Amino acid sequence: MTDILDLFPQYTEELKLLRKTTREFAQRNFSPELAREYEKKEEFPWDLYKKAGELGLLAPSIPTDYGGGGFSTYLADIVVTEELVRAEPTLGLAIMAGPFTSHMLYFFGTEEQRKKYLPPIYKGENTFFGAYTEPEHGTDITQLNTVAEKKGDKYIIKGMKTFITNAPTAKYGLLLAQTEPEKRHRGQTLFIIHTDWPGVTIRRLTGKMGQRTIPVGEIYLDNVEVPAENVLGGGEDKGRNQGFYWTLAYFNVSRIGVATLGLGIALAAFDKALEYSQKRTQFGQQLVNFEIIQEKLAGWLCTLRPLGH
Ligand SMILES: Cc1cc2nc3c(=O)[nH]c(=O)nc-3n(C[C@H](O)[C@H](O)[C@H](O)COP(=O)(O)OP(=O)(O)OC[C@H]3O[C@@H](n4cnc5c(N)ncnc54)[C@H](O)[C@@H]3O)c2cc1C
């Protein structure tokens, strides 16, 4: 397999070793047949997720105190994502999507919230969700219909979220709601919500065009009582009305992860093309010996150069 990425100076020896470990894990455990099986059943690959958790692959850049891998750079997450998706996109993506948005809890949660909620996710025991989208609010989340009203030391949440990754499998996750609807995006707060609380109903959505190993669902909230301590960041003055800003800050980081998925898939396509060009013979020669094929393969590798090499 081509290790062009290791040519970038940002990849230290430590990160190269992480890449090697991840690649070996994927080669041992992934196969196209297994991916098709999970995809057909529309099932999340819990066994592989757990194994990835045991190896510390679910959150390499999160400190070990919270169950992460302890690398000091987000590049570690990028390396793992690249390798898992490159080995097998369906299974790789499902595994990387398991802890989806939990970095947000790490960035903005209190110490207590981090210690309570993060380790089970990174051990591969739980998945996590981030619920922002509603039927009427997708790209534009500046005014939500889901409302959280403060009553004593609790919030009462009413509303509905749709297209939420991991909602059918996760025991808890983050949910964005209006705490002061008249303030629009300035009046939104993030809450840690448990899916087994009274008033919470999850409805699984099935039949996606692809990536069916990643569960997606709707969350209905019918006067759900949420303790004020479950405001992300803690209590009144810290987390209240910070939700929109924290969500956008997190989206900026997660977009790097989304770009990495594309890179992982592109690398997989390159690996397959190179392999085939070496195996296939025409006019008495391997395809890779033809100049036009070499030009195509080399041209693709050159597209990585603007990235810094
Ligand atoms: C598989 C899957 C998983 C998802 N997981 C989650 C999740 O975990 N959590 C969550 O909260 N949401 C999730 N979503 C929802 C996703 O975030 C929304 O689909 C997305 O925000 C777009 O919203 P929308 O579908 O309502 O499209 P719309 O906002 O209605 O947009 C429709 C089209 O118009 C374009 N458009 C909108 N505004 C503009 C503009 N100003 N200028 C130019 N073009 C514009 C959009 O780009 C899009 O092409 C998921 C969606 C899918 C399909």
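Read-outs: derived from the displayed coordinates by stated rules, not from any lab. Computed from a predicted structure; not experimentally measured. For neighbour counting, all protein chains shown are included, and Cβ atoms are generated from backbone atoms with ideal geometry for every residue, glycine included.
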If one compares the long axis through the Cα atoms of helix 291-302 with the longest principal axis of the Cα atoms of the chain, the angle in degrees, nearest 10, works out at 30 degrees
Label model pair Tyr276, Thr12: point-to-point distance (7 angstrom along the Cα→beta-carbon line) in nm is 4.0 nm
In Å, the C-alpha Rg and Dmax of segment 255-298 are 13.6, 46
Expressed to one decimal in nm², the mean projection of the alpha carbon convex hull of segment 1-132 is 8.5 nm²
Rounded to two decimals, the Rg over Rh value of the chain from Cα coordinates and the Kirkwood Rh reads 1.03
Of Ile256, Ile192, Ile202, the most mobile residue in a GNM of the chain (C-alpha springs, cutoff 10 Å) is Ile256
For the chain, averaging the sequence separation of alpha carbon pairs under 8 Å that lie six or more residues apart and dividing by its residue count, the contact order in percent is 17 percent
Straight-line reach check, Lys272, cutoff 18 Å on alpha carbons, 8 or more apart in-chain or any other chain, hits among lysines -> Lys296
Scalar couplings 3J(HN,Hα) for segment 201-215 by Karplus 6.51 cos²θ - 1.76 cosθ + 1.60 (θ = phi - 60°), nearest whole Hz, x for Gly and Pro, are 10, 10, 10, 6, 9, 10, x, 5, 5, x, 6, 6, 6, 9, x
Restricted to pairs 8 or more residues apart or on different chains, the lysines in segment 128-249 with C-alpha atoms under 24 Å apart form a number of pairs equal to 19
Checking rank on 49-57, 122-130, 25-33, 271-279, with mean other Cβ inside 10 Å and highest first, the result is 122-130, 49-57, 25-33, 271-279
The ³J(HN,Hα) series, computed from each phi in segment 50-62 with the Karplus coefficients 6.51, -1.76 and 1.60 at θ = phi - 60°, rounded to the nearest Hz and given as x for glycine or proline, is 5, 4, 5, x, 4, 8, x, 8, 7, 7, x, 8, 8
Rounded to two decimals, the Debye log10 I(q)/I(0) of segment 128-249 (Cα scatterers, no solvent) at q = 0.15, 0.20 Å⁻¹ is -0.61, -1.07
Taking Cα atoms only, helix 32-41 is inclined relative to the longest principal axis of the chain by an angle, in degrees rounded to 10, of 30 degrees
The chain, Gaussian network, Cα under 10 Å: of Ala167, Ala148, Ala269, the residue fluctuating most is Ala269
A correct Karplus calculation of ³J(HN,Hα) over segment 241-251, with 6.51 cos²θ - 1.76 cosθ + 1.60, θ = phi - 60°, whole Hz and x for Gly and Pro, returns 6, 9, x, 4, 5, 5, 5, 5, 4, 5, 4
Of all DSSP beta bridges with both partners in the chain, the antiparallel percent, nearest 5, is 85 percent
Protection proxy (average C-beta count within 10 Å per residue), highest first, orders 84-95, 13-24 as 84-95, 13-24
